[in-house]
1. Among what's in the range 123-138 and is surrounded by 24 or more Cβ atoms within 10 Å (Cβ to Cβ) and either at pLDDT below 95 or outside any strand (DSSP E or B) (or both), pick the residue that is nearest to the chain's Cα centre (by Cα).
2. What are the residues in the range 66-85 that are in contact with a helix residue (DSSP H, G or I) (Cβ under 7 Å, 6 or more places away or on another chain) and crowded, with 24+ Cβ neighbours inside 10 Å, if any?
3. Taking residue 260 as meeting all but one of (1) surrounded by fewer than 24 Cβ atoms within 10 Å (Cβ to Cβ); (2) assigned to a loop (DSSP other than H, G, I, E, B), write down the number of the exception.
4. Determine which single condition residue 114 fails, assuming it passes every other condition in (1) free of Cβ contacts under 8 Å to residues at least 40 places away in the same chain; (2) surrounded by 17 or more Cβ atoms within 10 Å (Cβ to Cβ); (3) within 30 Å of residue 188 (Cβ to Cβ).
5. Might you check whether a residue that is assigned to a helix (DSSP H, G or I), buried (at least 24 other Cβ atoms within 10 Å of the Cβ) and touching a residue at least 24 places away in the same chain (Cβ under 8 Å) occurs anywhere in the range 341-355?
6. Is it fair to say residue 88 is in contact with a strand residue (DSSP E or B) (Cβ under 7 Å, 6 or more places away or on another chain) and on the phi > 0 side of the Ramachandran plot?
7. Can you tell me which residue in the range 27-49 is nearest to residue 328 (Cα to Cα), limited to those that are surrounded by fewer than 18 Cβ atoms within 10 Å (Cβ to Cβ) and over 26 Å from the mean Cα position of the chain (by Cα)?
8. Of 270, 237, which residue is in contact with a strand residue (DSSP E or B) (Cβ under 6 Å, 6 or more places away or on another chain), modelled with pLDDT of 95 or more and closer than 30 Å to residue 93 by Cα?
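The values are calculated or read from the model by the stated rules, or taken from the named source; none is laboratory data. Everything quoted here is computed from the prediction, not taken from an experiment. Counting neighbours? That spans all protein chains shown, and the Cβs are built from the backbone with ideal geometry, glycine included.
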């Protein structure tokens, strides 16, 4: 496979937006702000949405006739290691987390953005499925404080980061088993690390001087994403966040419905996989399919993730399952488009004038797995709709029975 083709695609996407004007006509526009979809036209110029209205009359370099097809903002791919992981079992292609680091310390200053690779094959694979951005994660391994990340745009740029810095914290049972054999060890070390913020640098035993400076800044300026599922752990997160005045977000939350009133009172959003409904471990004995609906009814902000970098495109199915189990459709669309940007401090993602022109025209309801992204627009530029997978399909799709194209001479 000729990788130079993908380098060119990334370079084209990362180039400054030019003055091409795009008009999308007669689309069933899901604005992404929680409102009901309506038939509208969308005018895009210089990478920005200029107008959204019915029967727009405007000259355009490119006209896309939606003919009633759904149009949404580009979707949020959830919490992923996109651009940090190619093949999980190949160590030199994975840069998303610390594991058995020789210092033995926690390193909140570890920032995965320094290793981000916009040429990773998973990015165009995800983008052509209708996704425009993700929350770049420091993955949970054997550190209580896993490291830092932020929102990242799938526009092919090396520095396509935006929004607030996010610090990832492990407090679930699986990671607790890797750290002293108990999740209580996480809370012990986490509290001790925060206590060290008041000590002299010479007295630090859990974090470095750089880690101390990072943690001090994070308390004021960053979001803390806590990986937790069990109801008791979620309540412990609430108490810890309140005690240290942290802006907290839950990742996982399989038993969040059990403590939904407490989460609502604490204004803590939950990023969940609505397809998690089986007691796969002792942290998820209370998992259920209507988790998202129950949280929403209680006033909790709900976002979605598939839990998989290379299958981030399953987020549409995740949201569809949530809708099938009681979550309003418009709420799910908002949770997949504009809401994550708002929660994590990113640019406006709704289809409104002045917003960044990340737009998708769909073949059908984006929450229906039978639908597909017909056209993706990122930063006001038409995506090529090509990826390594589409190239492989074109190469190996048989044109004669029993014979693949790889075996046919040009």
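1. Ranking the candidates gives 137 first.
2. Answer for the range 66-85, where residues must be in contact with a helix residue (DSSP H, G or I) (Cβ under 7 Å, 6 or more places away or on another chain) and crowded, with 24+ Cβ neighbours inside 10 Å: 72, 73, 75, 76, 77, 78, 80, 82, 83, 84.
3. The single condition residue 260 does not satisfy is (2).
4. Of (1) free of Cβ contacts under 8 Å to residues at least 40 places away in the same chain; (2) surrounded by 17 or more Cβ atoms within 10 Å (Cβ to Cβ); (3) within 30 Å of residue 188 (Cβ to Cβ), only one is false for residue 114: (2).
5. The answer is yes, given that some residue of the range 341-355 is assigned to a helix (DSSP H, G or I), buried (at least 24 other Cβ atoms within 10 Å of the Cβ) and touching a residue at least 24 places away in the same chain (Cβ under 8 Å).
6. Numbers: in contact with a strand residue (DSSP E or B) (Cβ under 7 Å, 6 or more places away or on another chain): yes; on the phi > 0 side of the Ramachandran plot: no.
When the stated conditions are applied, residue 88 does not pass them.
7. Among residues in the range 27-49 that are surrounded by fewer than 18 Cβ atoms within 10 Å (Cβ to Cβ) and over 26 Å from the mean Cα position of the chain (by Cα), the one nearest to residue 328 (Cα to Cα) is 38.
8. One residue alone meets the criteria, 270.
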